[in-house]
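In what follows, a single structure is set out as structure tokens and then discussed.
We did not get these values from a lab; they are worked out from the coordinates using the rules stated. Predicted, not measured: the structure shown is a model, and the values here were computed from it. Glycine gets a Cβ as well: all are built from the backbone with ideal geometry, and neighbour counts include every protein chain shown.
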Amino acid sequence: MSTDYQRDTLLQLVKKGNKSSAIAAAGNTLIAAVKGAAATFSGSGAMFASAMHSLADAINQGFVFIGSMLSEKKPTHRFPTGFGRVINIFCMIAVIVVTVMAYETILEGWHLIQHPVESSGIWLNIAVLVLNLLVDGAILVKAMKEIVKEARVKAHGLGIVKAALNNVGRSAPPTRLVFYEDSVAVTGALLAMIAVVVTSLTSFNALDGVVTILIGFLMIGVAFRVGFDNMVGLIGVAAPKEVEEKVAKLILDEKFVTDINQMRIVQEGRYYHVEGLIELEAGLSLADADDIKFKVRDKLLLDSDIADVNLGIIEDDGVINWVPVDKRSPPS
């Protein structure tokens, strides 16, 4: 690994920041302001809950964008493995914000069930929620496309939805956060629209509080899921099996490489750190063996998701050590 450390400029970090979270922060700030005004005018609890959710999303995604910028900083002498896990810390801050907002939303919903309020301005509320659906829907589609791009799978049209759901675990932490939050935002907007229509056309005003509580619990669900993912990321988690198989194939495809004695791939943020011990054909000179090792390392580093590679070499021991992931026996 190179020790020629360089500083990043602020502009470079901004350009490297997660685009989905930046777009989501801007979009949700606009939506939160519009919803807040509509909730004040109409007295709708569901609209208030939806506004709280959008505000929480805007704050979170702003935090996450800053975190994604800092996580792209190049390694320094003090932090030689880089700053990949910084994004996990910022996502945990976002989880705290979501949890507090969810608690306030549930309290408001319970208050509305006990003391229903007759809301007004149905068309204003519906117009705001339609705007909400359009903006959050566009952000959600953008997040799905980012998931597909980061997971490096091919999908087009409606296939993007299935590909995003299947590969969300392989995307960067900020992209996952945007995906989860905006999935709930779209669902919450639909629930709020149902509540607005029903409470305006019937006397079932308590539905406003019920929907408000449901939105609050959806926010708690997002907080739990994002919190768990980033807690695992802070501890240090193994790369997905698809990444492990791809790295193994690149190594084994190299001429004179006969086996992988051992290998560990750790994920930090959206980057991977590869450590391994590879076996080479017997009889090679030390100079030739070193050349092969450096060639394998350089080939792996061509992958933009691999931050560093540390390889050792030994002579082939005649025993096959590497077993593909899909052929391994399950742990007892």
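Mean residue ellipticity at 222 nm, helices only, the chain: -22500 deg cm²/dmol; runs of at least 4 DSSP H residues each add -39,500 (n - 2.57), and the sum is divided by the number of residues.
Note on K162: lysines with a C-alpha under 17 Å away, same-chain residues under 8 apart excluded, are K142, K145, K149, K154.
Shown here for region 149-223: trypsin sites (Lys or Arg not before Pro) in loop regions (DSSP other than H, G, I, E, B) with at most 11 other Cβ atoms within 10 Å, namely K154. Proximity of backbone amide H atoms, modeled 1.01 Å from N, is registered between K74 and D8 at under 5 Å, excluding neighbours fewer than 5 places apart on the same chain. Multiplying the residue separation of H156 and S304 by 0.36 nm and subtracting their alpha-carbon distance yields 51.0 nm.
Listed values [x] 87, 46, 35; [y] 66, 41, 38; [z] 57, 47, 37 include one computed from this model; for Cα extents along the principal axes in Å that value carries the label [x]. Here's the list of aspartates and glutamates a cross-link from K15 could span, going by alpha-carbon distance under 12 Å and ignoring same-chain residues fewer than 8 apart: E72. The spacing between region 60-136 and region 231-308, judged by their C-alpha centroids, is 37 Å. Label region 241-327 by shape, choosing from rounded, prolate and oblate, from the square roots a ≥ b ≥ c of the eigenvalues of the Cα gyration tensor; if a/c is under 1.5 it is rounded, and otherwise prolate applies when a/b is larger than b/c, oblate when it is not. It is oblate, given that a/c is not under 1.5 and a/b is not larger than b/c. Residues whose amide H lies under 5 Å from that of T258, counting only those 5 or more places away or on a different chain, are E279, L280, E281; hydrogens are built 1.01 Å from N in the peptide plane. Within 10 Å of each candidate Cβ there may be at most 16 other Cβ atoms; applying that plus a DSSP loop requirement, which chymotrypsin sites (Phe, Trp or Tyr not before Pro) in region 168-219 survive? Counting only loop positions with at most 16 other Cβ atoms within 10 Å, the chymotrypsin sites (Phe, Trp or Tyr not before Pro) in region 168-219 are F204. Annotated for region 241-327: lysine pairs at least 8 residues apart or interchain, Cα distance under 16 Å, count 11. For A282, neighbours were defined as the other residues whose beta-carbon sits under 9 Å from its Cβ, and their charges (Lys and Arg +1, Asp and Glu -1) total -3. Ordering of 25-38, 190-203, 75-88 by packing is 25-38, 190-203, 75-88, highest average first (other Cβ atoms within 10 Å, averaged per residue). Here the relative contact order of the chain, from alpha carbon pairs under 8 Å that lie six or more residues apart, stands at 19 percent. Projecting the Cα atoms of T99, N28, L158 onto the dipole axis of the chain, where Lys and Arg carry +1 and Asp and Glu carry -1 at the beta carbon, places N28 farthest toward the positive end. The DSSP beta bridges internal to the chain are antiparallel in roughly 55% of cases.
What's the local net charge at F48, with K and R +1, D and E -1, over the other residues with C-beta under 11 Å away? Neighbourhood net charge equals -2. Applied to region 59-75, the Karplus parametrisation 6.51 cos²θ - 1.76 cosθ + 1.60 on θ = phi - 60° returns per-residue 3J(HN,Hα) values of 4, 4, 6, x, 4, 5, 4, 4, x, 5, 5, 5, 5, 8, 4, 6, x Hz, with x for Gly and Pro.
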